[in-house]
Amino acid sequence: VSVVLVGPSESSGGRGACYDEGRIYRILDPMESWARLAEQSLGRFADIASSSGVDFYDESGILIFGVEDDFVRQTRDVASKMGTTLLELTPAGIKERFPWLGVPETTQIGLLQTEKAGHLSPRKLLEAQLTLASRSGATYLDATVQSVERRAGDDGSLMIVSTADGNHVKARNVLVAAGCYTSVLPLLPESVVMTLTGAQALLVEISPEDAARLNGMPSMIYEGPSVEENYYLLPPIKYPDGSWLIKIGPSDVFAPPLKSAADMDAWFGNKRLTPAFENQAKKAFAQLFPGTNAISWRALVCVTDQTPTLNAYIDYLAPGWGICSGGNGWAAKSSDEIGFLAARMMTSPDHWGSPDMPREWFRAVTPRQLTAGPEMRTALAHVDACGEVLAERVAEALEHLTALLVNEPKLRRRRAELARDLRQSLSLLWERPPTVLCSASGCACAPGHSFVAMHAFDVDVVVVL
């Protein structure tokens with residue numbers, strides 16, 4: 001098997017989330033799929049660093065703290081199921097362990113993982129992975145891909161990868177792993193469902209003395225009393241220019257939607273934070289690091305490609321034509337295992353996956369799978385039961401729920417908002433606004449009412465007409 005990797009390097013104008021020095025890595029996660037991917041990848045970090053000669057990670061630990069919301073509870077549940085060691089802290093325990101941290105008064109709990117967690121440089125991880133791939137015989141072509149197509153030739157069907165500089169690569173098999181550009185360029189045999197949003201982070205420059213004082217700071221995820229107050233934070237990292245920077249990333253509220261390659265190019269080119277996020281992030285820095293002075297502020301922007309399943313797409317879309325994309329903003333730490341699974345898929349399309357890593361987790365969703373069929377099922381949700389309601393209304397409820405989960409996949413974690421938004425959506429369609437109930441443990445309906453009971457991932461949804 002010969003392997004050719006085609007894509008632009010950073011020096012050639014490549015854009016992506018990998019061109020930075022700070023990403024959190026952790027096993028702790030509210031979704032078992034991401035926790036499993038991280039567990040497998042992290043287990044190979046030491047070998048990758050040693051074999052490549054590239055030091056790309058720092059095991060500084062991770063602290064998840066704040067209000068005890070669904071994110072925290074689900075993270076703790078998955079950690080228990082997987083046997084992940086973590087320390088549960090009270091607000092007083094957090095202050096005692098990290099005396100320099102301004103713990104907000106609303107904090108209820110802390111979850112600390114001290115091993116197999118910390119931060120990594122995605123730029124250096126990419127360097128390490130390319131080094132090992134080249135050493136194993138792969139060829140790297142530093143070029144921008146414009147299209148992928150299948151052509152019939154004298155020696156059978158071939159895939160043609162065309163680049164911006166006019167070159168063409170011929171192959172029997174193609175795996176498309178183009179990140180945020182996967183869904184907006186002609187690279188796939190059929191469209192896949194993804195939402196693209198502008199991601200942004202504030203880089204806060206601090207002095208070397210303050211960086212030394214904060215030595216031992218873990219990576220952090222803070223869950224505030226509102227979604228606008230959710231952040232991730234990385235400890236002081238020395239960037240290539242010698243500056244010590246703390247990175248603060250926002251909640252999903254500060255993620256402008258992007259629709260096209262032109263939108264993404266404009267977002268990358270703008271290199272500015274939205275004023276609302278910048279103000280909120282500066283406020284958070286002042287609250288969480290009361291004794292640390294900010295020397296300067298810098299903007300960092302990238303793009304998140306989010307799938308409606310919140311899982312990566314690792315799937316075979318057509319013979320010889322695969323997809324490996326949809327990082328959802330969480331994939332840097334898990335990239336090695338994601339790549340391993342994709343390679344297994346391309347070499348053994350019918351024999352990959354395992355009980356701990358089922359293929360169903362990674363199925364790609366296409367637009368044709370979003371329409372309710374006779375079985376009242378879409379790729380994201382299905383009807384469990386209904387009573388005294390027209391079939392047309394049942395299909396409308398299912399398709400509107402599906403549309404909400406496509407446009408904002410993380411609504412499944414915010415059930416009150418999901419219920420509110422579905423009620424508003426259906427109110428525009430029906431004469432009377434329905435009652436909508438969302439629960440993690442099932443919803444009961446009073447006899448005699450017209451209702452539609454649906455299930456989406458780990459959420460039960462009942463619409464009462």
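The values are calculated or read from the model by the stated rules, or taken from the named source; none is laboratory data. Every value quoted in this text rests on a predicted model; they were computed, and no experiment measured them. Here the Cβ positions follow ideal geometry from the backbone for every residue, glycine too, while neighbour counts run over all protein chains shown. To get the accessible areas, we keep the full protein, side chains included, count just its heavy atoms, and leave off ligands, DNA and RNA. Shrake-Rupley method; radii C 1.70, N 1.55, O 1.52, S 1.80 Å.
Can you pull out the residues in segment 302-321 that are touching a residue at least 60 places away in the same chain (Cβ under 8 Å), in contact with a Leu (Cβ under 8 Å, 6 or more places away or on another chain) and open to solvent by less than 20 Å² (accessible area, probe 1.4 Å)? VAL303, ASP305, PRO308, THR309, ALA312, TRP321, listed by residue number.
The number of residues in segment 191-231 being in a strand (DSSP E or B) and either of a type in the set (S, T, N, Q) or free of Cβ contacts under 8 Å to residues at least 12 places away in the same chain (or both) comes to 4.
Mind checking which residues of segment 212-236 are open to solvent by 10 Å² or more (accessible area, probe 1.4 Å) and more than 18 Å from ILE24 (Cα to Cα)? Answer for segment 212-236, where residues must be open to solvent by 10 Å² or more (accessible area, probe 1.4 Å) and more than 18 Å from ILE24 (Cα to Cα): ALA212, ARG213, PRO225, SER226, VAL227, GLU228, GLU229. Pull up segment 270-289, narrow it to residues that are outside any helix (DSSP H, G or I) and not basic (Lys, Arg), then point me to the one that is modelled with the highest pLDDT. Here the residue is PHE289. Taking the listed residues VAL176, VAL169, VAL193, VAL204, the one that is open to solvent by less than 60 Å² (accessible area, probe 1.4 Å) and within 30 Å of THR292 (Cα to Cα) is VAL204, with no other qualifying.
Here segment 436-465 is the region considered, the condition is being modelled with pLDDT of 90 or more and touching a Gly at 6+ places or on another chain (Cβ under 8 Å), and the residue that is nearest to ARG423 (Cα to Cα) is PHE451.
A single entry from TYR57, TYR19, TYR25 fulfils the requirement of being among the aromatic types (Phe, Trp, Tyr), modelled with pLDDT under 95 and in contact with a helix residue (DSSP H, G or I) (Cβ under 7 Å, 6 or more places away or on another chain): TYR19. Mind checking whether some residue in segment 60-69 is in contact with a strand residue (DSSP E or B) (Cβ under 6 Å, 6 or more places away or on another chain), part of a strand (DSSP E or B) and among the charged types (D, E, K, R)? No - not one qualifying residue is present in segment 60-69.
Of the candidates SER50, SER60, SER2, the single residue that is out of contact with any Cys (no Cβ under 8 Å at 6 or more places or on another chain), without any contact (Cβ under 8 Å) to a residue 24 or more places away in the chain, open to solvent by 20 Å² or more (accessible area, probe 1.4 Å) and of a type outside the set (Val, Ile, Thr) is SER50.
Scanning segment 242-258 for residues that are closer than 14 Å to ASN230 by Cα and assigned to a loop (DSSP other than H, G, I, E, B) gives PRO250, SER251, ALA255. Answer yes or no as to whether VAL394 is touching a residue at least 40 places away in the same chain (Cβ under 8 Å), within 18 Å of VAL464 (Cβ to Cβ), among the aliphatic types (A, V, I, L, M) and assigned to a loop (DSSP other than H, G, I, E, B). For VAL394, the condition - touching a residue at least 40 places away in the same chain (Cβ under 8 Å), within 18 Å of VAL464 (Cβ to Cβ), among the aliphatic types (A, V, I, L, M) and assigned to a loop (DSSP other than H, G, I, E, B) - is not met. Listed by first and then second residue, the pairs with beta-carbon distance under 8 Å, at least 6 apart or on different chains, first residue in segment 257-271 and surrounded by fewer than 16 Cβ atoms within 10 Å (Cβ to Cβ), second in a helix (DSSP H, G or I), are ALA261/TYR181.
Taking (1) of a type in the set (Asp, Glu); (2) open to solvent by 70 Å² or more (accessible area, probe 1.4 Å); (3) farther than 26 Å from GLY43 by Cα in turn, GLU396 satisfies each apart from (2). One residue is enough: does segment 407-420 have a residue meeting the conditions open to solvent by less than 70 Å² (accessible area, probe 1.4 Å), of a type outside the set (S, T, N, Q), over 29 Å from LEU196 (Cβ atoms) and touching a residue at least 60 places away in the same chain (Cβ under 8 Å)? No, because not a single residue in segment 407-420 is open to solvent by less than 70 Å² (accessible area, probe 1.4 Å), of a type outside the set (S, T, N, Q), over 29 Å from LEU196 (Cβ atoms) and touching a residue at least 60 places away in the same chain (Cβ under 8 Å).
Here THR182, THR197 are screened, and the one residue that is touching a strand residue (DSSP E or B) at 6+ places or on another chain (Cβ under 9 Å), of a type in the set (Val, Ile, Thr) and within 20 Å of TYR316 (Cβ to Cβ) is THR182. Of the residues screened, SER162 is one that is open to solvent by less than 20 Å² (accessible area, probe 1.4 Å), free of Cβ contacts under 8 Å to residues at least 60 places away in the same chain and in a strand (DSSP E or B).
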